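Remarks on the structure that follows.
The numbers here are math on the coordinates, done by the rules we state, and not lab data. None of the values given here were measured: they were computed from a predicted structure. Methodologically, a virtual Cβ is constructed for each residue, glycine included, from the backbone with ideal geometry; neighbour enumeration extends over all protein chains shown.
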Amino acid sequence: MANSTKAVIDLEAIAQNVKAIKGLIGEKCHLMAVVKADGYGHGALEVGQVAIKSGATWLGVANPIEGKLLREAGIKAPILVLLPIEPEEAQIVANYGLSQTVESPSTLKVLDREAQKVRKRIRVHLKIDTGMNRLGVRCEDALRVAKEILGHPGLELEGVFSHFATADEEDKSFACFQLERFRQCLRDLERVGIRVPLKHMANSAATLELPESRLDLVRVGIMVYGVYPSKEVKRVISLRPAMTVKTKVMSIREVEPGETVSYGRAYTAKEKRKIAIIPLGYGNGYTRLFSNLSYFLIRGKKVPQVGRVCMDMCTLDVTDIENIKPGEEVIVFGEGLPVDELSDLIGTISYEILCSLGRLVPRDYKNTEE
């Protein structure tokens, strides 16, 4: 029973979500499925394979190691490494045919040297900071760095991109400001004859609500997994959540009025209660912040979590579930309990809940052929 917790990944849902996104953006626009952080906890390889079959033409990863693993598993589609690299990672980029984000001239010589070793050009994407103030060259430096890229014979300027800071908010004024800054950078490049095959800026939220930002390619992460970026964005396409986390009741005990449950005695029973113990805790990625706040589904009915979340156990108040016995299925989130309901409880986002789910929780894949 201790190993009964699992994440069921519906690959057919992934396929349907990718097809819905592709239908929205049209055939002329490339779709990059972002599979960093092990596919937002869903499995980068499994998601990547289905996404490519379903209409995505690119995959996005955080670092070269993630790209290497996908290549070694047989994925041949273009893969963009979204973060800057350390010099020692340039060899992986070159050897595995990855496209690499660059944000400063410092890594250009290293990449150029590795490209000449393998006698192939490394494709790079110049990231421009239009207001996120996280990564990317400033707008006023973009033309200079683009010229430096073109000055390296081993490098090919394949793309130029930027990233929105507020596209998932109802007020799109800053997002529109960023987009216009990016367009001006592109005009500056075009004015001196620099041709960029792929211009991209749209994330999931912008893909939905700012069609003018789709350009040549969109980078979609959370929507691939069937979750909307925020409550503020319009549901212009239908998405299916791909992950459902399930577990089973390990044991049940009765607690008398005045007795307490779990560490720190953070929950006191006001009357006689029936408590179920499940094998899930912060060691599996179910954060301790959920203590006395969250709820689970049993037979389609919400039951509250009570007491402190432990490393590998939670305690639930199942007083209202008749004849409950050990072995009963418990839905943690997913089917019937959207993950963003849980994230709202602790003031975070669905991305964090999905990515935090530990590898101690096995993934059970439902194949598209089923």
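Lysine pair count for the stretch 74-144 with Cα-Cα distance under 20 Å and sequence separation of 8 or more or different chains is 4. In straight Cα distance, which lysines are under 29 Å from LYS325, not counting same-chain residues fewer than 8 positions off? Partners within reach: LYS6, LYS246, LYS248, LYS270, LYS272, LYS274, LYS301, LYS302, LYS366. Within the straight-line cut-off of under 16 Å between alpha carbons, the aspartates and glutamates reachable from LYS147 are GLU103, ASP112, GLU156, GLU158, ASP188, GLU190, sequence neighbours fewer than 8 places apart in one chain being disregarded.
Taking GluC sites (Glu not before Pro) across the stretch 1-91, the ones in a DSSP loop with at most 16 further Cβ atoms lying within 10 angstrom of their Cβ are GLU27.
What translational diffusion coefficient, in µm²/s and rounded to a whole number, does the Stokes-Einstein relation yield for the stretch 22-144 at 10 °C and a viscosity of 1.306 mPa s, taking the hydrodynamic radius as the Kirkwood radius over Cα pairs? Estimated diffusion coefficient is 104 µm²/s. Taking all Cα-Cα distances within the stretch 158-249, those exceeding 16 Å account for 58%. How big, in percent, is the set of alpha carbon pairs in the stretch 230-311 lying more than 18 Å apart? Across the stretch 230-311, Cα pairs with separations above 18 Å total 53 percent.
In loop segments of the stretch 284-319 as defined by DSSP, the trypsin sites (Lys or Arg not before Pro) with at most 14 further C-beta atoms inside 10 Å of their C-beta are ARG299. The per residue volume of the convex hull around the alpha-carbon atoms of the stretch 199-267 is 182 Å³.
Remark on the stretch 243-366: hydrodynamic radius 14.6 angstrom, per the Kirkwood mean of 1/r across alpha carbon pairs. Projecting the Cα atoms of ALA94, CYS29, LEU70 onto the dipole axis of the stretch 18-122, where Lys and Arg carry +1 and Asp and Glu carry -1 at the beta carbon, places CYS29 farthest toward the positive end.
Taking a point 7 Å from the Cα of LEU293 along the Cα-to-Cβ direction, the residues of the stretch 330-366 with backbone N closer than 17 Å to it are 333, 338-357. I need the Debye-formula profile for the stretch 11-225: one equal scatterer per C-alpha, no solvent, reported as log10 I(q)/I(0) at q = 0.13 1/Å, two decimals. One equal scatterer on each Cα of the stretch 11-225 leads to -0.71.
Quick query: amide H of PHE164 versus all other amide H atoms, modeled in the peptide plane; which residues come in under 5 Å with a sequence gap of 5 or more or a different chain? Result for PHE164 returns ASN203.
Given +1 at the Cβ of Lys and Arg, -1 at the Cβ of Asp and Glu and no other charges, the dipole of the stretch 286-345 around its Cα centre is 180 debye to the nearest 20.
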